[in-house]
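This report refers to the structure that appears directly beneath it.
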Amino acid sequence: MAPERFRGADLSHVADRARRSLGDDVMILHTRTVRDGGVPMVEVLAAPSSTLDRVRLRLEPLPFPPSMRKADGKPYRIALVGPTGAGKTTTAAKLAVRRGMFGAARPGLLTIDTYRVGGMEQLATYAELADVPFEVVYDAREIDAALKRLSSCDVIIIDTPGRSPASAELTERWRSLLDALAPDEVHLVMPASLRPDLALDISRSYANTRAHRGASHLLLTKIDEVPRGTGVAELALSMELPVRWITDGQDVPTDLKPGVPRVLRSYGLGVDAESDWLPA
């Protein structure tokens, strides 16, 4: 159940209305004074206390392995996929160069986006500045050698090209490369301002199939471009994918936040109780 707004002349009467409507376990999430036809009114945002737990349960990702390495000793692999212009390359840079992002684990960068002008150069610049190992893979024959050169890394961030519906052959090529890289997590990167119906159409194109692995997580970008976070939580919940991170700006690496607290905040839940902090 989404939070509801109640208005009235004074707080006690508005809170009582919220309690009658939503139950005795109602949480008052936020109060403010508004004007209705020039008359001052108290507005309350309220929700049943069980709402927070239900939303968190749907969005919370599983924890990472303790050392970021898998049982076979290989690095944990995180791939970013999504439409053109969603912010995959910038987000990959944020994840790879932010100090302490994965605790003591050493990150590496790998890209299969060899099509977009400037994409490789952008990642190479960030990788050099942060002393992060970086590899470019053009075809499947180069994967083993690239991964061997990244074997000292504990986690590998994989950047991919934007998906173009007009180029099925190109999409098939990079999806085959991604399958060969065998990522442990595939994050569907989408702008938070995207219309929900379009977002759902896009998510279906990244669903699991017999031929290709699909998205395992959602990563919302450009939340700062959505006024007051309107629709962010609804978009996240509609995808039915856990949200490990969100981004809320272009600055590398600072504009990267834990996903669930930020989505809950846009939902009107956990506003004061949750922290946006990530290690710098």
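Taken together, the values in this text are just the output of simple stated rules run on the coordinates, not laboratory data. Computed from a prediction, not measured in an experiment: that's the story for all the values here. All Cβ positions, glycine included, derive from the backbone under ideal geometry; neighbour counts span all protein chains shown.
Before moving on, here are some points about what is shown:
- A simple rule links phi to the HN-Hα coupling: the Karplus curve 6.51 cos²θ - 1.76 cosθ + 1.60 with θ = phi - 60°, which for region 33-49 gives 9, 10, 10, 10, x, x, 9, x, 9, 9, 10, 10, 9, 9, 7, x, 4 Hz, with x for Gly and Pro.
- Over the chain: helical MRE at 222 nm, DSSP H runs n ≥ 4 each giving -39500 (n - 2.57), nearest 500: -9500 deg cm²/dmol
- Options 9, 115, 127, ranked by Cα towards positive dipole end of the chain, top entry (Cβ charges): 9
- Working ranking of peptides 151-162, 70-81 by packing, defined as the average number of other Cβ atoms within 10 Å per residue, highest first, is 151-162, 70-81.
- The chain - share of DSSP beta bridges that are antiparallel (%, nearest 5): 45
- Scaled against 2.2 N^0.38 Å for its residue count N, the alpha carbon radius of gyration of region 56-101 is 1.41.
- Our Cα-only numbers for the chain put the radius of gyration and Dmax at 21.3, 71 Å.
- Net charge of neighbours whose Cβ lies under 14 Å from the Cβ of residue 136, counting Lys and Arg as +1 and Asp and Glu as -1: -4
- Amide H contacts of residue 114 (H built 1.01 Å from N, under 5 Å, at least 5 apart or other chain): none
- Rounded to the nearest Hz, the phi-derived 3J(HN,Hα) couplings of region 111-126 under the Karplus curve 6.51 cos²θ - 1.76 cosθ + 1.60 (θ = phi - 60°) are 10, 10, 8, 9, 9, 7, 5, x, x, 5, 4, 4, 5, 4, 5, 4, where x marks glycine and proline.
- Based on every Cα atom in region 1-81, Rg and the maximum pairwise Cα distance Dmax equal 21.3, 67 Å.
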